[in-house]
Amino acid sequence: MTYAIRAEGLVKRFKETQALAGVDLAARTGTVLGLLGPNGAGKTTAVRIFATLLRPDGGRAEVAGHDVVREAGKVRSVIGLTGQYAAVDENLTGTENLLMIGRLLGMPRGDARSRAAELLERFQLSDASGRAAKTYSGGMRRRLDLAASLVGRPQILFLDEPTTGLDPHSRGELWDMLRGLVAEGVTALLTTQYLNEADQLADRIVVIDKGRVIAEGTPDELKSAVGGQVLQLRPVRAADLPRAHALVAEAAGPQTQIEGEEITVPVNDPALMPVVVRRLDQDGIAVGELTLRRSSLDEVFLALTGHRAEPRGESESEPDEDELERVGSST
């Protein structure tokens with residue numbers, strides 16, 4: 001089996017903070033590996049090590065068979081990186097941004113211009129190619145940023161929360177573009193906290209928390225391991241919600257949750273549903289909606305980490321990896 005990305009025992013510290021504490025992961029060639037975890041879990045740190053922007057303190061990592069420390073130049077020649085925020089020059093046009101990248105990569109001017117035109121066409125930016133990037137919408141900037149990472153025809157892409165802040169339509173456009181790249185043989189490592197994004201795109205998922213791998217597998221394997229199905233119900237009368245929750249919790253256990261006007265609980269025993277229905281009926285609680293569905297990745301994340309995923313900037317409770325890395329690099 002051929003691996004495009006591989007890490008064994010990867011360790012990284014920033015002063016007193018252990019960002020990575022022995023991470024093992026591998027991505028097969030031509031697939032998408034999703035890297036999930038709470039803010040501050042170590043995702044961005046791992047990406048920056050793979051992209052040769054940080055040196056690990058322990059363990060080893062390989063990209064396309066090249067060691068990221070001893071063969072950093074070879075690694076850089078085969079990768080593209082798209083970070084959490086668009087890194088294009090806002091004062092340059094779309095064409096000028098891509099042309100600049102091509103020239104920095106050593107491409108002859110004619111080849112760089114042809115490649116820029118090809119990518120602008122592919123990412124539906126040709127009509128805006130002569131406009132300054134600062135006039136682009138958020139989705140257009142992200143598409144230009146992804147196009148910039150492809151100028152050198154990389155074999156491997158690192159996508160660090162690439163759709164943060166985008167509207168659903170723009171996010172879907174980037175998903176389609178990524179699927180097209182993978183179909184052409186590109187390997188991608190994707191970090192995201194939009195778990196439906198990982199569910200849609202990732203062939204395999206690695207979940208890390210506090211710098212350690214806590215689960216890995218395909219999306220379906222992770223859903224089955226945490227609880228294959230979820231019972232979801234909504235009482236007709238909102239006033240019955242607390243009592244209904246207590247009755248369901250008695251039958252199903254402490255994982256029973258209230259979410260808005262609904263009650264949800266993982267189901268491992270098929271006999272649970274009729275038990276819940278009988279108890280609610282005996283207590284005179286009318287149910288307006290009752291369904292049994294598969295677990296979502298969001299529920300898998302909750303079960304593994306103790307809280308739901310939140311895109312960066314929506315929670316202040318987790319340490320910020322970018323800040324840790326700035327502190328670490330200044331000491």
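Read-outs throughout are calculated quantities, based only on the coordinates presented, and are distinct from any laboratory measurement. Source: prediction; values computed, not measured. With ideal geometry, Cβ positions are generated from the backbone for all residues, glycine too; neighbour counts draw on all protein chains shown.
Labels on offer are (i) 6, 26, 36, 25, 6, 0; (ii) 5, 20, 25, 24, 16, 7, 2, 1, 0; (iii) 5, 23, 28, 22, 13, 7, 2, 0, and the one holding P(r) over Cα pairs in 10 Å bins from 0, in percent computed from this structure is (iii). Taken about its Cα centre, the stretch 121-257 carries a charge dipole of roughly 340 debye when the Cβ of each Lys and Arg holds +1 and the Cβ of each Asp and Glu holds -1.
Taking a straight line from the alpha carbon of Lys134, these aspartates and glutamates sit under 16 Å away, with near neighbours fewer than eight places off in the same chain left out: Asp89, Glu90, Glu96, Asp145.
Ignoring GluC sites (Glu not before Pro) that are buried or in helix or strand per DSSP, and keeping those with at most 11 other beta carbon atoms within 10 Å, what is the longest stretch of the chain between them? That gives 17-183 as the longest site-free run. For the set Lys15/Lys210; Lys43/Lys74; Lys15/Lys74, the pairs lying more than 20 angstrom apart at their alpha carbons are Lys43/Lys74; Lys15/Lys74. Springs between Cα atoms under 10 Å define the GNM used for the chain, and in it the highest mean-square fluctuation of Ala251, Ala188, Ala19 occurs at Ala251. Of all the options Val207, Val32, Val276, the one that moves most in a Gaussian network model of the chain with Cα springs shorter than 10 angstrom is Val276. A simple rule links phi to the HN-Hα coupling: the Karplus curve 6.51 cos²θ - 1.76 cosθ + 1.60 with θ = phi - 60°, which for the stretch 98-110 gives 6, 5, 4, 4, x, 5, 5, 7, x, 6, x, 4, x Hz, with x for Gly and Pro. What is the magnitude of the charge dipole of the chain about its Cα centre, with +1 placed on the Cβ of each Lys and Arg, -1 on the Cβ of each Asp and Glu, and no other charges, expressed in debye to the nearest 20? That gives a dipole near 1020 debye.
For the stretch 187-262, what is the charge dipole size about the Cα centre, in debye to the nearest 20, if Lys and Arg each add +1 at the Cβ and Asp and Glu each add -1 at the Cβ?
In total the dipole reaches around 200 debye.
Under the criterion of Cα pairs below 8 Å and six or more residues apart, the relative contact order for the chain equals 22 percent.
Short-range pairs are left out: with C-alpha atoms under 8 Å and at least six residues apart, the relative contact order of the stretch 204-256 is 17 percent. Between the listed residues Gly106, Gln18, His169, the Cα displaced farthest toward the positive end of the dipole of the chain, a dipole computed from Cβ unit charges relative to the Cα centre, is found at Gly106.
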